[in-house]
């Protein structure tokens, strides 16, 4: 079951990812295009959680009807695990490309790895715990349990998530300090647990969509944001730790966004802006990653940015504008490429 508004929101989310991930000059970025340094939640911090929420929505839309009709669970489970593994391996492969193209250290985890792990785990929950009460109970256990695990500290390197990543990932983390031996991985091992909570929240949102309960979906989104905001007084919003309050705050926003998009696109018949990017979301993300690596490895990136963006734009509009203009142009190229693929009926599945 496909819903135009879900594809549209997914596509806009991926476009926002490219805009944030592909600045022309990382020393000059508008604050709203940067992630919070630690505690807090900037506009950029909503992007990945909304994408993960839509993963859950898509699981429910794809498998809900099959489960209602009594489809055998074993083949479904095998398919879910296989797809999750493919997404994880694609993420690892992209990190290998970065290691050679950009002379970077190898990072084991990342956005696609987290997506694949959570897709597989949430898919199994959808198959073997399909009831709403059971899924709400699992979500509550994850959020409260993770809060308890972080009670010792939520500060950098002192929190349990960082300590686990230091012990198990070490040099394979996103950041590793050779002098202290401390590591930090924003898509780390323990913090993947509350990310699964975001996906489960998306599954519940998907169930409301299937039942055409759009006012209830919007109300649930508002309620989740209120709970997340209140919870943040005790447990700060933090994307890098993916705190429980962050799950509800960003997940509630995503639910509200999907409800509004459904009303505008599927009810009022507005054009599904972003749908072309949404149906090939992972292809767009991976393609942009490879393109960025190619620009860097070829030596084209520096002269291209200097001559086409920084030199003509920075004096008049500022260095931040020039940096954003590059990111916007880069994103537009992939937007047009995905629009062409959509028009031709091409769809890349993982």
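The values are calculated or read from the model by the stated rules, or taken from the named source; none is laboratory data. Note that the coordinates shown come from a computational prediction; the quantities given were computed from them, not determined experimentally. Note that we place each Cβ from the backbone using ideal geometry, even for glycine, and neighbour counts take in every protein chain shown.
Are any of the residues in region 44-65 over 15 Å from the mean Cα position of the chain (by Cα), in the same structural domain as residue 205 (by TED's automatic domain parsing) and closer than 30 Å to residue 310 by Cβ? Within region 44-65, not a single residue is over 15 Å from the mean Cα position of the chain (by Cα), in the same structural domain as residue 205 (by TED's automatic domain parsing) and closer than 30 Å to residue 310 by Cβ. Taking the criterion of being under 25 Å from residue 240 (Cβ atoms), without any contact (Cβ under 8 Å) to a residue 40 or more places away in the chain and surrounded by 13 or more Cβ atoms within 10 Å (Cβ to Cβ), the residues of region 32-85 that qualify are 34, 42, 43, 44, 47, 84.
Take residue 319 and tell me if it is without any contact (Cβ under 8 Å) to a residue 60 or more places away in the chain and in contact with a helix residue (DSSP H, G or I) (Cβ under 9 Å, 6 or more places away or on another chain).
Details: without any contact (Cβ under 8 Å) to a residue 60 or more places away in the chain: no; in contact with a helix residue (DSSP H, G or I) (Cβ under 9 Å, 6 or more places away or on another chain): yes.
When the stated conditions are applied, residue 319 does not pass them.
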